[in-house]
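Reviewing the structure listed below.
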Amino acid sequence: MPSRVDAIHSYYLSLFELLIFIAFVIVLKIVMLILMAKLSVILSDDPQAAREQRDERKRRSSFDQTSAQKWLRLGLGLLFTASGLLQIQPRMVSISEQALNQDFHFTLGPTAIESLAASFGRLWVNHSTWMNVLSCGLQLLIGLLLLTTSHRLAVIITASIAAVMGLLDFVIMTGFGGLFSAGGSLLGSTPVRGLVYFAVSVLCLIPVRYWREGKPFRFIRFGIVAFWILGIILQLLPGEGYWQSVGWTRMLQSGTSSTEPRFIQGMTSAVAKFVAPHAAVLNIAVIILMVLFALSVVFVKWSYSRAIQLASIVYLVLTWAVFEHLGFQTVYLFPMDAGTAVILALLMVQNGQQEQRKVKTAGQESKLHSKPAVPSSRSSR
């Protein structure tokens, strides 16, 4: 078996070749689209009419029919691109099966689910170089395609592949995300990471007429509330949970490695020292915050809901930075974790609320303008 240094060297060479291929595909696609658009105008008898027809076809075939769909496409593209860039780190190259079991808590779950996840873990360990190259390449390709194209069919195909990846990560790669293992939490190594990315990717498959009616926002709000309720349940569980310092220490130490920058290791150690004597108090504070975050999504007309939703975004960023080691943790896919995808959903909900207010205001103004003027009593006389 090659040494870790040789494995990392081989990994970077293979990754470099794949990144060159991805860059070539993306650049070639952009150049071909520009050339086809220019040629269709130049070869036409009426360039102005051809340009207008081209713009109309582009508008009709575009995925970005509403602002929410544009937010979704660009946000999902940024998440996948950032996850692919974070996956470049050699944390998952030449990793041992024992380290995988420890970081994913496979030994703490039911036997059937543990065997399912352990079988994929052995596959990754035996082919860690190419598996990490494939993981990194797919995430970068999906992210860059979503960022560089708004064609409806291309976005739907890309989002479908992303949804399949999320479902595979949740069910097969991590054994239902380790949701049935002891010590699960939405703070670190989120059990529903793959499931959240699956749900966000599926949103791209919803027809545009439903987006114009605002129906998907109900499902998005329901998913966000379910996310916070699951977090509350996991924090409330007794045993080696988070009422004692052992649960917090295990979560903070999970996924740490020598590939992490020194400042992340120092930050994790400082948080662990602070948490140790205040485990129960911190757990109560986290539960209260999650309850408030869930209520702010349920009662959107509450005067403090927008401020609390913004606070939940800050909370998700901080927990990702501290408990997920800024994406340097042990993961097969999605180092950006579920919290950043929930942030995208929260931003979409807030954007949807603003759009609904604009539509409502425009409707009221049109009704006022459409009302006939009532003649005064003097003029009638």
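The values are calculated or read from the model by the stated rules, or taken from the named source; none is laboratory data. The structure displayed is predicted, hence computed values, not measured ones. Cβ: placed from backbone, ideal geometry, glycine included. Neighbour counts: every protein chain shown.
Structure values in brief
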| read-out | value |
| --- | --- |
| Among (1) of a type in the set (Ser, Thr, Tyr); (2) outside any helix (DSSP H, G or I); (3) closer than 22 Å to VAL322 by Cα - the single one THR249 does not satisfy | (2) |
| Qualifying residue in segment 260-280 (condition: of a type in the set (A, V, I, L, M) and either in contact with a Lys or Arg (Cβ under 7 Å, 6 or more places away or on another chain) or within 23 Å of GLY166 (Cα to Cα) (or both)) | no |
| Lone unmet requirement of (1) farther than 30 Å from ILE30 by Cα; (2) touching a helix residue (DSSP H, G or I) at 6+ places or on another chain (Cβ under 8 Å); (3) free of Cβ contacts under 8 Å to residues at least 40 places away in the same chain; (4) not aliphatic (A, V, I, L, M) for PHE198 | (1) |
| Condition check for LEU326: assigned to a helix (DSSP H, G or I) and touching a helix residue (DSSP H, G or I) at 6+ places or on another chain (Cβ under 8 Å) | yes |
| Segment 165-180 residues that are without any contact (Cβ under 8 Å) to a residue 40 or more places away in the chain and farther than 14 Å from ALA112 by Cβ, paired with ones that are in a helix (DSSP H, G or I) and among the small types (Gly, Ala, Ser) (beta carbon under 7 Å, 6 or more apart) | LEU167/GLY194; PHE170/GLY177; PHE170/GLY194; GLY177/GLY194 |
| Among the candidates SER160, SER135, SER150, residue that is touching a strand residue (DSSP E or B) at 6+ places or on another chain (Cβ under 9 Å) and closer than 16 Å to PHE80 by Cβ | SER150 |
| Residues being more than 20 Å from GLY247 (Cα to Cα) and over 14 Å from the mean Cα position of the chain (by Cα) - total across segment 184-220 | 15 |
| Test set (1) touching a residue at least 24 places away in the same chain (Cβ under 8 Å); (2) assigned to a helix (DSSP H, G or I); (3) not acidic (Asp, Glu) - ALA226 fails condition number | (1) |
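Rundown of residues vs (1) farther than 30 Å from ASN132 by Cβ; (2) among the β-branched types (Val, Ile, Thr); (3) within 35 Å of the chain's Cα centre (by Cα); (4) at pLDDT 85 or above, yes/no style:
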site: MET1; (1), (2), (3), (4): no, no, no, no
site: ALA7; (1), (2), (3), (4): no, no, yes, no
site: TYR12; (1), (2), (3), (4): no, no, yes, yes
site: ILE26; (1), (2), (3), (4): no, yes, yes, no
site: LYS29; (1), (2), (3), (4): no, no, yes, no
site: ASP45; (1), (2), (3), (4): yes, no, no, no
site: GLU56; (1), (2), (3), (4): yes, no, yes, no
